[in-house]
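Just below is one structure, and these are the notes that go with it.
The values are calculated or read from the model by the stated rules, or taken from the named source; none is laboratory data. Bear in mind that the values here come from a model prediction, so they are computed numbers and not experimental data. Positions of Cβ are generated from backbone atoms using ideal geometry, with glycine treated the same way; all protein chains shown enter the neighbour counts.
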Amino acid sequence: MDDFFSYNRPHYVFHLASLVFGLLGNMENQLNAIATNTLINQQLFLACQRYPVRKIFFASTVAGYGYPYQSLPLTEPYFFSGAPHAGEYGYGMAKRHALGYLEILRREYDIDYCYGIFTNLFDPYDRFDIHCGHVIPSLIEKAAASVQRQDRCLHVWGRPETSRDFMFSEEAGAAALHAFLHGSGMGQHCQRLRINPGAGGGGDKPLLSASPEYRLGRRSADRRRQTQRRYQPATRPRLSPHVQP
């Protein structure tokens, strides 16, 4: 980390790296999730202090919200309302902890930051793992296996009344850049700009946008169709559950 920062001297940092699984993987790797992600964050933030940068974008997660949720859509004032969901406690607490580093860097070293809160992401290069993957790639893998076995039905876990939010990776990148350019901190700053990419809408309306003002839903639907056309079960990459960029 020091070698990279000392040589490149970046002015701006997008911190997207973390050890992350799907819900089941996070449940089975609680200590590893909080320990590894805390070390990742610490090494990066200390480097940002030693080789001063101007601004940091940090990718957080809706897993950090207090559970049960106080409101839907999710909003930043309720981020610390209680402990995160027990199944993602380690991962969610590591993301919460990062905010302490960021606040100190801003107060004591004049390094600005933007704390972005993301929901479930997916793209063609995801981890297609039924056991530890995220929802969309796990369902794709499960459906592909079901087709190959010529099953008569596809069993999907969950309750019909439960709603979930998903966001295509390219749209998440666009939202991150928008937040970085126009937002600072979290809470009131981000709430005024309404750039929380993980604020779920609930109901039967899929949320694939960062905000009503920064609408991405229509483009996301097009991206989903492109992803479906590009998806090739025989050639899809299989990634191991290690640190992902």
- Query: Is there any pair linking a residue in the range 103-130 that is under 25 Å from PHE80 (Cα atoms) and free of Cβ contacts under 8 Å to residues at least 60 places away in the same chain to one that is surrounded by fewer than 22 Cβ atoms within 10 Å (Cβ to Cβ) and not hydrophobic (A, V, I, L, M, F, W, C), with Cβ under 6 Å and at least six apart or on different chains, and which?
  - Reply: ASN120/HIS134; LEU121/SER169
- Message: So, ALA94, is that one among the aliphatic types (A, V, I, L, M), assigned to a strand (DSSP E or B) and either in contact (Cβ under 8 Å) with a residue 60 or more places away in the chain or exposed (fewer than 13 other Cβ atoms within 10 Å of the Cβ) (or both) or not?
- Response: no
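Which of the residues spanning the range 9-23 are at pLDDT 95 or above, at negative phi and not hydrophobic (A, V, I, L, M, F, W, C)? Write out each step before concluding.
Residues of the range 9-23 that are at pLDDT 95 or above, as a first pass: 9-15.
Now drop any that are not at negative phi, which leaves 10-15.
Of everything in the range 9-23, those that are at pLDDT 95 or above, at negative phi and not hydrophobic (A, V, I, L, M, F, W, C) turn out to be PRO10, HIS11, TYR12, HIS15.
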- Name the single residue, out of those in the range 164-183 being within 16 Å of HIS134 (Cβ to Cβ) and among the small types (Gly, Ala, Ser), that is surrounded by the most Cβ atoms within 10 Å (Cβ to Cβ). ALA172
- Query: Within the group PHE79, PHE45, which residue is modelled with pLDDT under 95, hydrophobic (A, V, I, L, M, F, W, C) and closer than 29 Å to TYR12 by Cβ?
  - Reply: PHE79
- Could you please find all residues in the range 104-119 being surrounded by 20 or more Cβ atoms within 10 Å (Cβ to Cβ) and part of a strand (DSSP E or B)? TYR113, CYS114, TYR115, GLY116, ILE117, PHE118
